[in-house]
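Shown next, in structure tokens, is the structure this report addresses.
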Amino acid sequence: MTRLELGDIQGNVLRSYGMRRAAYVSVRVLGPRAGRALLGRLRHRIYSDERWDGTPARAVNVAISARGLTALGLPADIVGSFPPEFRDGMAARRRQLGDRGPNGPAHWEPGLRGGIDLLVGIHAFDDQERDAGVRELRDDIAGTRGRLQIVHVQRAAQQARMREGFGFRDGFGQPAVAGVPVKSLAGQGARTRTRRWRPLEAGEFVLGYRDDDGVLPDAPVPPFDRNGTFMVYRKLEQDVAAFDRLLVELAGEHFDGDTELAAAKLVGRWRNGAPLVTHPAPPSGDIERGDYNDFLYRDDADGYRCPLGAHIRRANPRDALPGGIRRSRRHRIIRRGMPYDEGPNGQGLVFVCFNASIARQFEVVNGWLREGDVFGLAGETDALTGWTRGRGRMTVQGSLPVLIETRPVVRTRGGEYLFVPSLSAIDALIDGTI
Ligand code: HEM
């Protein structure tokens, strides 16, 4: 049985806070002492993954980029012990990520264009508490005479019934993790030979524990080698009007005017979250919680129910790839994103995920979304997140397969690769013992 040091792992990583408001504040660090002093001031507000009773009304978390580690005064040999994709940062990985054309770093939002040093996450149950948290942070930074600067503030809010911008229920396709005292649901981990589901090993998501291949994941030098994790932070704008137009167009051309069927074929789930594999027709109401993830693709190998290129089938192919679950279980991510809505300035998803290896997990999943080769869908891309110059293509399998034309509906507005240190590593940064 895995014994996790939950009190040393930052909160919201292995267990969601369940708070429906968030702000992500990007901070530039121009003086190492000022940066470490800020960590010291924030320390008592940083929560761990240990059980808590719903108080306080808000919680703070801290993540640091490679540039941020250097800005905090860590020497090159320590920063150099972190993996290359993290050291490169998100903007430099634009080719791997498919951030081309209007998605490229040159077009990112001004505050996100120059990279992030420290990302302070503030979670709360309501707007007032969240905004009070942002004000408190501004006060903390005001006295540093420019040595710390807030370069971007991103607010986000969970919508009623957990709907993302395109109207789908989101967030329940999560891995179950061994040793986390949360009741896991069937289908969230890996399927065993006895056709049961077991949680994935914690080392897939937190450093210092055995991963699903039974080995300790590669890790930087102490104290960053234990109870820390890597975070991907990405602001993805959604063009909801274009998505709605696309559905009307697809429904008219291919689905007898049924926009809901068109939407479900793109995602692999009905808007209420019911999977197409188990629910080829839309269920009249919500399905049981335990039924959201309890399925494999072997019962739909040809993609007649859930297209081979649907978003969730690409993002977590389960048993659909050669190698089956033994392969896909090494490429899972914990998603903790939230929608944002900035009115005329656009709406979308603040995508946040945690994993032990950004290259093996997030970047592979992102690649599966972007490219179709591994699924035998060369030239096709995910209808939600894929970007094409002009129109894209997606095959919807069936006794009469149809080739549909998609168009880009999601645009990258910026982001960063970050490290979420353990609380003891944050203490070492504050004390100056590292
Ligand atoms: C604005 C962009 C995006 C939208 C609107 C979106 C939407 C959705 C929706 C509606 C679901 C189904 C609900 C669920 O299973 O929880 C889902 C699942 C998922 N998405 Fe996305 N997504 C976006 C971007 C991404 C990105 C960038 C990644 C990773 C690189 C990703 C990875 C996943 C994963 C892993 C699942 C769970 C699949 C499963 O376990 O069956 N998504 N997404």
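Below is a table of values for the structure above.
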read-out: Cα-based helix-to-principal-axis angle, 240-254 vs the chain, degrees rounded to 10; value: 20 degrees
read-out: Cleavage-rule hits, trypsin sites (Lys or Arg not before Pro), segment 126-205, DSSP coil, Cβ neighbours within 10 Å at most 16; value: 145, 183, 193, 195, 196
read-out: Relative contact order for the chain, counting Cα pairs under 8 Å that sit 6 or more residues apart, in percent; value: 22 percent
read-out: Heavy-atom accessible surface of the chain: percent carbon and sulfur, 1.4 Å; value: 49 percent
read-out: Segment 37-130, relative contact order in percent, only Cα pairs under 8 angstrom and at least six apart counted; value: 38 percent
read-out: Within segment 236-414: Cβ-based charge dipole about Cα centre, in debye rounded to nearest 20 (Lys, Arg +1; Asp, Glu -1); value: 900 debye
read-out: Angle between the chain longest axis and helix 127-142 axis [Cα atoms, degrees, rounded to 10]; value: 40 degrees
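The values are calculated or read from the model by the stated rules, or taken from the named source; none is laboratory data. Small disclaimer: the values here were computed from a predicted structure and weren't measured. Counting neighbours? That spans all protein chains shown, and the Cβs are built from the backbone with ideal geometry, glycine included. Note: areas computed on protein heavy atoms with side chains; ligands, DNA, RNA excluded. Shrake-Rupley method; radii C 1.70, N 1.55, O 1.52, S 1.80 Å.
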